[in-house]
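Here's the structure we're looking at; comments come further down.
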Amino acid sequence: MNGPEIHVEFAPGLHLFVPHSRRAGATAVATDGVSTLGHVVESLGVPLTEAGALLVDGHEVPVSHVPRAGERVEVRAVERPQRVPGAPLRFLLDVHLGTLARRLRLLGVDAAYESTDIGDPALAARSAAEKRVMLSRDRGLLRRRELWAGAYVYSTRPDEQLHDVLDRFRPPLAPWTRCTACNGLLREATKDEVADQLEHGTHRTYDVFARCADCGRAYWKGAHHDQLEAIVERALAGYAEPGRN
């Protein structure tokens, strides 16, 4: 770009995406006089899924604004909690976020997950078709125009990932209502209904079961229940809405 020069300043929370040279205060950026501000922001490394309000000389503008010479642009981070209008809040996670998907499902959050790499175009198309928020650490994927909505997952640690998603979107929580394997809804089941999935010790020891209405997988309070209960309790303590759960 070699046109009107503007000055752009990014919120500290967005510094992860921009070069070190652009992290301290407003820096000069040459534009082409035609591209939108949204295009300029993304060309500087920040996916628009992570950009909140765009202010030009102190006034908020849309991403379609075409910058003019001398303008001072402030790029803020997304406000939290972030509201995603137009559809029930549900998610789609890419192949690298399997643990996060299972933990969201444990909390009753609708979280679709692709266990194989189906490619960015297919993921973006599914996000749009099913109106799901795409969760990913792939910045290129989050820049695809056909996404319904998206969010960058900032950490590589599942505990921190879960905290970040719950803090950012505040989805309604309904623990123990979804299958952690396929995202289907659970229903109560008798021991006889799930007997073919139980080992002898389990059959003898447990009496309360649930079963996935989609894949048929059986659930009971087994050896790892305490660990799962701890995840649920932390989430409810930090993010359950008053009157819920």
Given the chain, longest segment not containing exposed loop GluC sites (Glu not before Pro) (DSSP; at most 16 other Cβ within 10 Å) | 1-78
Who wins for biggest fluctuation among R178, R83, R103 in a Gaussian network model of the chain, springs between alpha carbons below 10 Å?
-> R83
When the range 1-115 is reduced to its Cα atoms, the Kirkwood hydrodynamic radius in Å | 16.0
Using only Cα positions of the range 120-210, each an equal point scatterer, no hydration layer, compute I(q)/I(0) via Debye at q = 0.12 Å⁻¹ and quote the log10 values to two decimals.
-> -0.59
Measure of compaction for the range 82-171 (Cα Rg per 2.2 N^0.38 Å) = 0.96
Scanning the chain for helices, which whole DSSP H stretches are 30 Å or more long along the axis (Cα) and average 0.5 or more by Kyte-Doolittle?
-> none
From the list [x] 7, 26, 28, 20, 10, 5, 3, 0; [y] 8, 34, 38, 16, 4, 0, 0; [z] 7, 31, 36, 19, 6, 1, 0, can you say which value of P(r) over Cα pairs in 10 Å bins from 0, in percent was derived from the structure given?
-> [x]
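Could you work out the helix-only [θ] at 222 nm for the chain, with each DSSP H run of four or more residues adding -39,500 (n - 2.57) and the total divided by the number of residues, to the nearest 500 deg cm²/dmol? All intermediate terms of the calculation are to be shown ahead of the outcome.
Values: 8 runs with 68 residues, N = 245.
About -7500 deg cm²/dmol.
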If R0 = 41 Å, then A69 and A128, at their Cβ-Cβ distance, give a FRET efficiency to the nearest 0.05 of 0.70
Given 0.36 nm per residue, what is the gain on full extension from E199 to A24 after removing their alpha carbon distance, in nm?
-> 56.9 nm
Check R217: other-chain or 5+ apart residues with amide H under 5 Å from its amide H, H built from backbone geometry?
-> C212
Of A124, A218, A28, the most mobile residue in a GNM of the chain (C-alpha springs, cutoff 10 Å) is A28
Rounded accessible area of V84 (nearest 10 Å², 1.4 Å probe) = 30
What is the chain's relative contact order, in percent, from Cα pairs under 8 angstrom and six or more apart in sequence?
-> 15
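The values are calculated or read from the model by the stated rules, or taken from the named source; none is laboratory data. Nothing here was measured: the structure is a model prediction, and the numbers come from that model. Methodologically, a virtual Cβ is constructed for each residue, glycine included, from the backbone with ideal geometry; neighbour enumeration extends over all protein chains shown. SASA here: full protein model, heavy atoms, side chains in, ligands and nucleic acids out. Shrake-Rupley method; radii C 1.70, N 1.55, O 1.52, S 1.80 Å.
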